[in-house]
Structures are given as structure tokens and as C-alpha cells.
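What follows is a single structure, written as C-alpha cells, with notes after it.
The values are calculated or read from the model by the stated rules, or taken from the named source; none is laboratory data. Source: prediction; values computed, not measured. Please note: Cβ atoms are built from the backbone with ideal geometry, for glycine as well, and neighbour counts cover all protein chains shown. We work out accessible area using only protein heavy atoms, side chains counted, and drop any ligands, DNA or RNA first. Shrake-Rupley method; radii C 1.70, N 1.55, O 1.52, S 1.80 Å.
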Amino acid sequence: MMILPLTIGFLLPACVGWLLLDLVEWKVHVLEREEKWALGFVVGMTLSMFVAFFANVLLGVPFTASGFLMVFAALLIALGIPWVLRRKSVPPYFAPLLPAETMPRGVRIAVMALGAWVAVRVLLFCLTLLLVPSFFDDTTDNWNLRGKIFYLQKSFTLQFPWSPNIPGVSSYPPTVPLAKTWLATLAGSWQEGIVNSIHFIWFIALLLLVYWTLRRMLPMSFALLGAIILASLPLELIHGTSAYADVFLSVHLFASVALLVHALRSEDAGRAMSFLRISGLMIALVTFTKNEGWALYFPVLALLFAITALWLWRKKAVSPRALIITALIAGGVILAIVVPWIAFKLTNGLPFGNAKGIDLNFRWQKNVLLSVTVNTFFEGNWGLLFPLFFGLLALRWKTAFRTSVVTLTTFFLIPYLVQMFAYLFTGLSTEALLQTGYARGLIHLMPVIVTITTLLMYDLVTCRPTPPSSDINRT
Amino acid sequence: MRLLPRIILSALFLTVPAAAFAMTEAIWDFRQESLPGEWRVSNLDLPTMTSDGLHVTAKDKPGSMLTQLSLPHATEVISIHFVSNGQIDARLFWHEHVRSEDQYTELNITIPNGESTLDLNVDAYAEWDRHTDSIGLAFPQGTDLLLQEIRFVHWNALEKIAEVWRSFWKFDTMSPISINFVWGPVVEYNPLGTVKLFTELPPRGRSGNWIFFFALLAIAVVITLYRYVAVPRMGMKQFGHPLVLFLLAFGGLWVLYDIRMGLELLSYAKNDYDLYISQPQGRKIFRNYQNFNDIMEQSAPYLKDGVHFGLLMARDAPVDSMVRYFALPAIMELPTEPNNDLRYWLMFRRNDVTVDAENRLSVGGVPWSPPGRIVTQFDPNSFLFEVTP
């Protein structure tokens, strides 16, 4: 019963995303096949819901099957026509040579065994997600609640049926609720398993993207190990298979910053610009994920994007003309997403950060450091990851801060330290004391943390930095 | 294994006293002819020895009884056996050596009505002094009970190590806070602590992560000594880079930790299958919400689009936001007074709501609705009530 609506529900956005990525790549394809579909699904779903949202509020296109299909049809046509016209002029895609497998057989077998063990848990949790009711607070108070209201009313609404006031959760982008509305519309009714299944798909997409990011730089065994480590973290697995939006945000963040790393590592100017354009697209979409996407992470990503572009220009890796065009395209995409959404928030008086304001009387907040330490090191959330992570950062600091890995390291440090400051010195300390906001913040950054850990581990084991980027095409 | 090492190990095992593996307890039995310990009574009626125990009463005012304690072993658990005439909120108090002589530390205890044994894992409290030299009980006015037995229980180092291993493998269950954190392995040092693990929040034991950190430290020290002492000075062969060796050892510990947490996560899935997924409607239990989701599923055919219904829920079961979500498109209201306009009423864990003789919903004896009928009784205190037109 679930198969057909789910297949259509995921396939259409994936096709939209794939076509968009293909267009953004233009004449230089850089994404591996599975990577492009995984990223395409993420991009396609967020973009499609963005368009569906504005089609509803501006043009009155309802959230019905025909309304959604109209949106998808428009997107597929708008993106499909250029794809058809361009097909013959785009050079065929040749995948670059990937790093050879250098790990001993025993290590590879151990990684496979660990992977199988983790896969069992991931699959069982997915099944549980499909077969049990929504459980956690934010699911029934925000993500699923709004999705269900949109589904029942066939339209976007800021208010809930039982109150004329606009609740705080309405300030969040409607992407996740609308995705559920879309799936429920296809299914013909609101079914918990169907509307919650999308979270698992986002989680699998994240694992694939982490794998492929690492695979460009590491042998297969180590790339697999990174994805396995991420999936094995208890709190990450719970989030990946629950109807919350933090893994959804994290996949956008990870893709945004990982693509900057690839741009830096590319020895071919065309490939570097292609990675940069896709990163710009992901950064734009970050603003339409959660409030933290806009308030906390977008400025950091925009800064890293600018620094990456400047670095490439200084290295003379790309021509100024190519860089300017790429930056203009990325800037244009960012404005195309950001301006309408911010304008909507302004005209409806919606807050820009989370519902809770920050008290600007900075003073030391008692017990926060203890609470953070307990959450990071003395609970079951992250396994033994953090001693490993911080230990590797200290031991392999040259790789962490003097190679392209610095992009990832910087992206971790800035939001982490900003949040720590807020928890240690402002009224937001309750988010750390109750272990709510702090843990969620780590979920957002976890794919980046695991990627850094895996890269530095490889560096330590082989006593050399990651292999240089190889743009040599297979023949 | 070769014969000689096997003989040596067996000999060692046989020569270690059995007491090394045994729990030790001192038992004060108040049903004997002589009173165990010398007790100083304050404000209580004079306790009397009976064949059923020490009869303690406090007719006019609260009081206490205190005794010196001098045991040959430390105390981790205290078990007190009572027969009480009524539930009593009492206090156990003791003297910590670090405090002055007239200062005592107190622990609130609740003595149930009837015969009961209170097993107190006092070692779980940082303020507990394992070698306390005086201990007492304080009772409120109206106390009437028989104190039958006090046991002071102690486990030796080997038993504690074994309990750490057992408690390491005790799993928590999925709860609403699991989206923010999971406790992970929590270790206890006695069986009572293990039994009570995760029944109180936060759990009283120590994080099991400490074991891994100590192990990593020990491994680091061994590898450092091996590389910088054993290899250069004693001529031992170097088997690899020290950091790589450490990473391999770390990997082994990582796998152990992952097995432990992985099994806990699998237990969550198993619980969901056993109690919810595999059960028929009417018998589904979903995590800490018990039969709440089952109730919503059974109510769904009645709570349709456009229907307004009232929810009356127990104060300690604030399910309103969840009811609102699951009941949509029916609209939930939270009446605080009688209401004649609602077609349905959903009771959740309310033992003060009944249907009176005139078939009206009655809250604390006051009619709140027009006449109707109970559509479905979910459990003794939860039902769906429909107002009949």
C-alpha cells in the first residue's frame, strides 16, 4: 500500500533535483552517479517545496494532488528542456580515478563486519519508523502538526484552527511539513508511516553523501568506515529515524561545506567552479530548512564560500572571469531563495531566530560547562567519538588547519564556539542545561565532525595527508 | 591451555577464601528477645519489644530513634522490614564523619501500609558514609508500626566488579528525552543499584564511559612504556608505530562500546515490536505512553472532521498536544467547566470522572454534559463518552 505513493513521492523530487544539479554543473560534471541522485533528492525536495509554498501563497495553487503535480510538472519542464537541449553539447562524464585501496584485507573485512552490524540497526529503526506512531514533542507540536494542517486545509496557514494567534513554530520554513503534506496527498490520507518515511530517506542520502565525500579522498574501506561511524552513533541514528528536522538540516549543511572542500582540492578550474556553483545552490537552500539554517549557519557558509572563491583566485587556479560568473550565479541563486523567504517573514512579522530571544546581559551561567561535558563525553550519545575527534585535532593539527580540511574544521569551530558562548554566557543556557539545543547543534555538525575524524585518522594511520585530488579521467 | 598453568590457576582459585566472593550482611532482628543496638529515643512513645518486632508509635508528636553503629564492614545497602498501620513519610538519618557530631544527613523514605521491606541503595548518594558511626529513623506524628529487621549489606571488591559488568549491560528504554540524549552505559556496584537503574531520573550510578577512559589511559601508558623503555632499553621488538597501536586498541574499545549501545538500540526496536507492532488493537502499549496511542486509534472512527470533543486528562499525564495532533481533523477542547455543546468527551487517566445515574458525565460528582453513553472503555480510568442527541 505504501510502495506506490512513496516511490512517486521520492522519485519526482529526485528527478527535479537531478536535473537542477545537472544544469548547475553545466558542462563540467563532477558528481558521481549515486551521489548526484542522493544530492538530487535532497535538493529536489527542498526546492520543490519552496516552489509549492510560494505557488500556494502567491498564486493560490492548492496542496492537492493536482496542485503538487502542477508544481512538479512546471519544474520538470523548466529544468528538463535545458537538459534535452544541452545533452548533445555536454561532454560525456568520466569519473575521476578514485584513491586505490591500500588497507590490508583484515581491515577491510573488519569494516565490512562493522558495517553489517550497523546496517541491521539502521534497517530495524527504519522499520520501526514506518510502523509506530509519532513519538517526540517537536513532531506532534511542529513538523507533523503543521504538515497535517496543511494537508487538511489544502493550503498554507500560519495559524492553527483552534487559535487566531500565530504560534512560534510557524516561523520555521515549511519545507519539512510540506514534504509530509505532499506524501499524504499521494497516499490519499494522513498515515504516520508514510509521512515519516521521508526522514529515513534523508538519513540514507546523508550517509551516501558522507561516503562519496570521503571516497574522493580516501580508499573505499576508509570512506565506508566514515559512513559507518556516522550511522553507528546512537543519537544520530535516533535522529535519522525520527520525525525531526535536524538530520534534514545537517545534510544541507554537510553538502554545502563538503563541496567547498572539493572545489579547493580540484586541480582543474572547470571542476572547481562546478563544485562552487553547486555549493552555492546548497547554501541557498540552507535558508529554507530550519531557523538555525538562516540565523546561525548561513553566515558561516557564505563566509567560507567567499574565502574559497578568493583562495582559488589567489592561487590563480581559475580565471577571474570564470570566478566572477560563478560567484554571480551562486549569488543569484542565493538571492532567489533568500529574498522571497525573508520578505515573507518580514511581511508576516515572523521572528528570524528561534522562538526564544537572547538575553544580552552576558554573565557566566552556572553548571553549563558540566552539562556540556556530560553530554559530550559521559553519555551514550556519541560513543567514543569525541575523545577521538579532539585527540586527532590535536595530533594532526597541521592537516586539520593547513590543508583543505581547514574548511571543514572552520565550519565546525565557528558555529560550535558561537553556540558555546551563547550557552555559557546568556539565557540560552537552558538549552545546554536541559541538553536540548546543545545536542541538536551537534547533530547538525555531526557529518562534518565524522568526516574530519575519518580524514585525520587516515592521515595518522598512513602518516601522510589525504591523496591529492585526481582529475585524471578514466580512459 | 598447558597443564601446568591450569593447575596453578585452579590452585589459586581453591585457596582464595570463599568469603572473597560472598556478600556480607549484619542483621538486626527486632523479633528476638534482646534489642539489637542501643537506641536513644526522642519524642516517640516508648517503643516496646514484641515477638513480632519493635512496636514504634508517635501518638502526640513526631519523634526519632538513634543508635551508634560499629560494623566490621562498610555498608552499601540498608534493608528495613516494617509492618505499618498506614503509609508513613519517614526519614533515615546518619552521621557523616566529615560533619560535626550533632549534624546528621537525612534521606526521605516512604513506608507503605502493611508489611513491606524498604531496600535502600544508600551507597548511591554522595552524602552516604559507608562507615557511619550512628544511624537513626525519624517518624511523623501518627506513626504506628512494627520494626522487624534492619540489614546492613556489603559487597566486596570482586562482587562489585562483577556488578559493574552486569549493570554495564542493563539497558534503558526509549523515552521522550531520547531525542536529546541517551544515558548510555551506567554502572552500579551492588545488585540493588542494578535493579533500580533507569527507574529514577537521572540514574544514580556512574557513567560507564569512565571505564573506557581509564582503559585508554592505561593503554596509552603501557604503549608509551613499551616504546620508550622496553624497546630501547630492554631490546624488545617494536611492532608498530605507537599511535597506530593506540588507535588499534581504541578501535577494540570502540567496537565493545558499539556492541553495547547497538544492543540497547536493538532492544528499543524489540520492545516496540513486542508491545506495540505485534499486538492487536486494544492491547497495544507504546513506550512510556502506554495505551495512549491505542486509545487514539480506537477513538479515530468517532472523532471525525468537524467534530468538537472535550479532553479531560490527568494532571500527571499532559497529553493534550498529542491528542490535538492525533485527533485532527476533529477539534479538541480543554473544558474547565460543564459544557453542553461537545458531542464527544475523551477521558484519559481520570479516576474522578464517571457516568451518573442519569447517564451524564460527572466530574467530582458534578454533571458536566447532557446524557450520553460510554462508547469505548479503554481502561478503568479512560473512556470515550458520546452525548446522545
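Distance between the modelled labels on A:THR102 and A:ASN361, one decimal in nanometres: 5.8 nm (7 Å Cα→Cβ projection). Converting phi to 3J(HN,Hα) with the Karplus coefficients 6.51, -1.76 and 1.60 and the offset θ = phi - 60°, segment B:49-59 yields 6, 10, 5, 9, x, 7, 7, 10, 9, 9, 6 Hz in sequence order, with x at every glycine or proline. Evaluate E = 1/(1 + (r/R0)^6) for A:PHE352 and B:SER321, where r is the Cβ-Cβ distance and R0 equals 22 Å; express this FRET efficiency to the nearest 0.05. It comes to 0.30. Between B:LEU35 and B:GLU297, the modelled labels are 6.0 nm apart [label points 7 Å from Cα along Cα→Cβ]. Each residue of segment B:190-207 was assigned a 3J(HN,Hα) from its phi angle through the Karplus expression (A = 6.51, B = -1.76, C = 1.60, θ = phi - 60°), giving 8, x, 5, x, 5, 4, 8, 4, 6, 8, 10, 10, x, x, 7, x, 9, 4 Hz with x at Gly and Pro. Residues of segment B:173-219 whose accessible area (probe 1.4 Å, heavy atoms of protein chains only) drops by at least 50 Å² once all protein chains are present, relative to their chain alone: B:ILE179, B:ASN180, B:PHE181, B:VAL182, B:PHE213. Gain on full extension, evaluated as 0.36 nm per residue between B:LYS59 and B:HIS131 minus their Cα-Cα distance, stands at 22.6 nm. Once the C-beta distance of B:THR336 and B:ASP305 is scaled by a Förster radius of 35 Å, the resulting FRET efficiency is 0.85 to the nearest 0.05.
Legend: P(r) of the protein assembly as shown from all alpha carbon pair distances, 20 Å bins from 0, whole percents, reading 12, 37, 33, 15, 2, 0. Under the criterion of Cα pairs below 8 Å and six or more residues apart, the relative contact order for segment A:1-146 equals 23 percent. For chain A, the membrane-span-like helices by this rule, meaning whole DSSP H stretches whose C-alpha atoms cover at least 27 Å of axis and whose Kyte-Doolittle mean is 0.5 or above, are A:3-25, A:33-59, A:65-86, A:105-131, A:192-215, A:246-265, A:320-347, A:405-425, A:437-462; this says nothing about an actual membrane. Taking amide H atoms as placed 1.01 Å from N in the peptide plane, the amide H of B:ARG343 lies under 5 Å from those of B:HIS308, each 5 or more residues away in sequence or on another chain. Normalising the average separation of contacting C-alpha pairs (under 8 angstrom, six or more residues apart) by the number of residues puts the relative contact order of chain B at 11 percent.
Taking a sphere under 13 Å around the Cβ of B:THR67 and counting the other residues whose Cβ falls inside, with K and R at +1 and D and E at -1, yields a net charge of -1. Grab the beta carbon distance between B:LEU118 and B:LEU71, set R0 = 22 Å, and tell me the FRET efficiency rounded to 0.05. Rounded to the nearest 0.05, the efficiency is 0.70. Here's the list of lysines a cross-link from B:LYS196 could span, going by alpha-carbon distance under 30 Å and ignoring same-chain residues fewer than 8 apart: A:LYS366, B:LYS160, B:LYS170, B:LYS270, B:LYS284. Taking 17 Å as the straight-line reach from the Cα of A:LYS154, the aspartates and glutamates in range (excluding those fewer than 8 positions away in the same chain) are B:ASP305.
Sparsely packed loop sites in segment B:296-375 (the GluC sites (Glu not before Pro) outside DSSP H, G, I, E and B with at most 16 other Cβ atoms within 10 Å) comprise B:GLU358. Starting from the Cα of B:THR24, step 7 Å toward the Cβ, then list every residue of segment B:145-189 with an amide N under 14 Å from that point. Residues B:152-160 qualify, since their backbone N sits under 14 Å from the label point.
Each Cα pair under 8 Å and six or more residues apart adds its sequence gap; the mean of these over the residue count of chain A is a relative contact order of 19 percent. Ranking of A:TRP182, A:TRP190 by solvent-accessible surface, largest first: A:TRP190, A:TRP182 (1.4 Å probe, protein heavy atoms only, all chains present). For segment B:374-389, 3J(HN,Hα) computed residue by residue from phi via the Karplus equation (6.51, -1.76, 1.60; θ = phi - 60°) reads 7, 6, 9, 9, 7, 7, x, 10, 9, 7, 10, 10, 10, 6, 8, x Hz, glycine and proline entered as x.
A cut-off of 5 Å between modelled amide H atoms, ignoring neighbours fewer than 5 places along the same chain, links A:SER155 with A:PHE63. Here the label points at A:TRP26 and B:PHE239, each 7 Å from Cα along the C-beta direction, are separated by 5.6 nm in the simple model. Averaged over the residues of B:259-271, the number of partner chain Cβ atoms lying within 10 Å of the residue Cβ comes to 5.
Amide hydrogen proximity for B:GLU96: with H placed 1.01 Å from N in the peptide plane, the residues at 5 or more positions away or on another chain lying under 5 Å are B:THR105.
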